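Notes for the one structure printed next.
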Amino acid sequence: MAAPEDAVPPLDANSVPRHVAIIMDGNGRWAEQRSLPRTEGHRRGVASVRTCVRAAAELGIRYLTLYAFSSENWRRPRNEVSELMVLLKRFIRRDLVEMHEENVQLRVIGSEDHAEDEVAKLMREAVHLTRNNTGLVLTVAFNYGARDEIVRAARALAIKAHEGEIDPAAIDAEQLEDHLDTAGLPEPDLLIRTGGEQRISNFLLWQCAYTEFVFCHAFWPEFTKEMLAAAVAEYQHRERRFGGIKARCSA
Ligand code: FPP
């Protein structure tokens, strides 16, 4: 990253990314390096979630989307999956009141298939409770996979076309977007991945068409406000051209 990771760099308040999405990677490696169980890494990861939600609001970010559990994460050992469920439930039960007081609006993206009833219920209640909040929009990607999301959207459109509700020939990008889990959210301006890997891992494939990527070496349990600010500073040095489509079209 361009800026040092231990100091908040000066930021241009006029070009703070509206929507930041984060792949919170490296919990397991953080724990393994300390001879701790991987689940301890996830526990520390929740503390980083709290720090990050607060930091995002302080930096003026309007939308924060966190990849908490992918549709592929079910393949992990059973005890790790159940610990992640415990942590998610605890996060919603313990942190919801404070987030609600801080005017955070919680959203969830992903499929409810295979989700524990209790997790699904808690999430639905949290979304309902915070639906009118006007502060940071925190979207938790749970049991989320971008290919699955696009398939579900395509299926919903196909059903509507079959039932004569829409004209198949009129289906466009906007209609597809309206059927994605992220309908109503702006596209991410900045995607951060911690943990040193440089891949997108089936996260927001449609929505990240023109997103700027910043890869951070720190493991997620080490992620700080300063690192978030450093990623924002790096974003502010990028030149976004969106493929120059408008210029070419008007030429
Ligand atoms: C990736 O680390 C992280 C996850 C699969 C889960 C992230 C979950 C949390 C931070 C806790 C719960 C979230 C919320 C929103 C309360 P990894 O295990 O893949 O790490 P590794 O690449 O080092 O193995």
- Query: So which residues in the range 13-31 are open to solvent by 10 Å² or more (accessible area, probe 1.4 Å), more than 14 Å from the ligand (Cβ to nearest atom) and either of a type in the set (A, V, I, L, M, F, W, C) or assigned to a loop (DSSP other than H, G, I, E, B) (or both), if there are any at all?
  - Reply: 13, 16, 18
- Query: Considering the range 184-232 alone, what residues qualify as being among the aliphatic types (A, V, I, L, M), under 30 Å from residue 157 (Cα atoms) and within 14 Å of the chain's Cα centre (by Cα)?
  - Reply: 185, 190, 191, 200, 204, 205
- Could you tell me whether the range 213-232 includes any residue that is surrounded by fewer than 16 Cβ atoms within 10 Å (Cβ to Cβ) and within 15 Å of the ligand (Cβ to nearest atom)? yes
- more than 13 Å from the ligand (Cβ to nearest atom), open to solvent by less than 20 Å² (accessible area, probe 1.4 Å) and of a type outside the set (A, V, I, L, M): does that describe residue 10? no
- Query: When only residues in the range 32-80 that are among the hydrophobic types (A, V, I, L, M, F, W, C) and near the ligand (Cβ under 8 Å from one of its atoms) count, which is farthest from residue 99 (Cα to Cα)?
  - Reply: 69
- Could you please tell me which pairs satisfy a Cβ distance under 7 Å, a separation of 6+ or placement on different chains, a first residue in the range 197-220 that is among the β-branched types (Val, Ile, Thr), and a second residue that is open to solvent by less than 30 Å² (accessible area, probe 1.4 Å) and not in a loop (DSSP other than H, G, I, E, B)? 211/190; 211/191; 214/190; 214/192; 214/231; 214/235
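The values are calculated or read from the model by the stated rules, or taken from the named source; none is laboratory data. None of these values were measured; they are calculated from a predicted model. FYI the Cβ positions are ideal-geometry reconstructions off the backbone, even for glycines, and counts take in every protein chain you see. Only protein heavy atoms, including side chains, enter the accessible area calculation; ligands, DNA and RNA are left aside. Shrake-Rupley method; radii C 1.70, N 1.55, O 1.52, S 1.80 Å.
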